[in-house]
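Presented below is the structure to which this report refers.
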Amino acid sequence: MSALAGALPGAAPVARARPGRLAALIPLAAAFAAVGLVAVTGTTQRSLDAAGLSQWAYGFFADRYPLFFPAIAYGVARAAALPLAAPHWRGWLGASLGLALVTGLSLHPTYGGLVLRAGFSVGGVAFLSGQPMAVAQGLGAVAAASVLGGALGFAALLARGLPRRGGWGRALVRALLRFAALAWALGVLAAARDLGLSGFPRLALSGGQAALALGLVLAAFLPHVILDLVRPRASVESTPGRR
């Protein structure tokens, strides 16, 4: 079978493409699983406090942005899946660094980390300077995406290396599209409280709120996932070249 697969045109590229497509779906599944786990276990601030996690259960950002935790799960899973697309020592190194950066920037010193603090600071300053609320929220999402996306992008660059010669333009366009999709995702999740999750995490998610949270997660991250699923043909079928 292996000899036949090697003789068929395109068989090897298709096989190489599967890990990349699988890696694109894992982060979305992790974000869904995070919401499902919180809903099934009835997680609240009190239960987190009882588990010794009060540092990440209370505070302004926990109350104002209750649906940021699926973004943490998405980022952690995306970093952890790097060895699937880059199965060598650089992939594992990028994954390790990505995990450290995503968790540190999202949870230190408390829930939200530098990601939410950057977004709130930029959005707040923009609003106080007279910008409309929608513009201020958009700028805040861009700032938050700069921090989280920077961590993920640096880890991916370390794992996969620089683009091939002549591929810098395409790589830059795809990076900008991914950044825009991540900013969209964080903007959608930031609106969760206003869209019906105002009681969480003081109270457990109800069935309706859990369904709403899953829908928001899907709407938030689907564009980012699609960008990974729709890969340029040349990036899959071409052989590694000199950089």
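Please provide three numbers in whole Å: the alpha-carbon extents of the range 74-148 along the principal axes, with the largest listed first.
Taking the Cα atoms of the range 74-148, the three principal extents are 50, 24, 15 Å.
Looking at [x] 55; [y] 31; [z] 22, which value of percent of Cα pairs over 30 Å apart comes from a calculation on the structure shown?
Computing percent of Cα pairs over 30 Å apart and matching it to [x] 55; [y] 31; [z] 22 gives [y].
State the Cα centre-to-centre distance between the range 36-67 and the range 199-224 in whole Å.
What the calculation gives is 14 Å, centre to centre.
Over the chain, what is the mean sequence separation of C-alpha contacts under 8 Å (at least six apart), divided by residue count, expressed as relative contact order in percent?
On the way: 313 pairs, mean separation 67.1, N = 243.
Normalised by residue count, the contact order of the chain is 28 percent.
To make sure I understand, if each residue's beta carbon is the centre and we count other beta carbons within 10 Å, what order do Tyr74, Tyr58 fall in, fewest to most?
On the way: Tyr74 29, Tyr58 17.
Fewest to most other Cβ atoms nearby, the residues stand as Tyr58, Tyr74.
Fewest Cβ neighbours within 10 Å first, please rank Ile26, Ile226, Ile72 accordingly. Don't skip to the answer; put the middle values down first.
Values: Ile26 16, Ile226 12, Ile72 23.
Fewest-to-most ranking of Ile26, Ile226, Ile72: Ile226, Ile26, Ile72.
Count the net charge of all other residues whose Cβ sits under 15 Å from the Cβ of Leu186, scoring Lys and Arg as +1 and Asp and Glu as -1.
On the way: positive: Arg64, Arg78, Arg117, Arg178, Arg193; negative: Asp194.
Counting the neighbours of Leu186, the net charge comes to +4.
Laboratory data are not the source of any read-out in this text; all were calculated from the coordinates shown. Just so we're clear, the structure is a prediction, and the values are computed from it rather than from any experiment. Don't worry about glycine lacking a Cβ; one is built from the backbone with ideal geometry, like all the others, and counts go over all protein chains shown.
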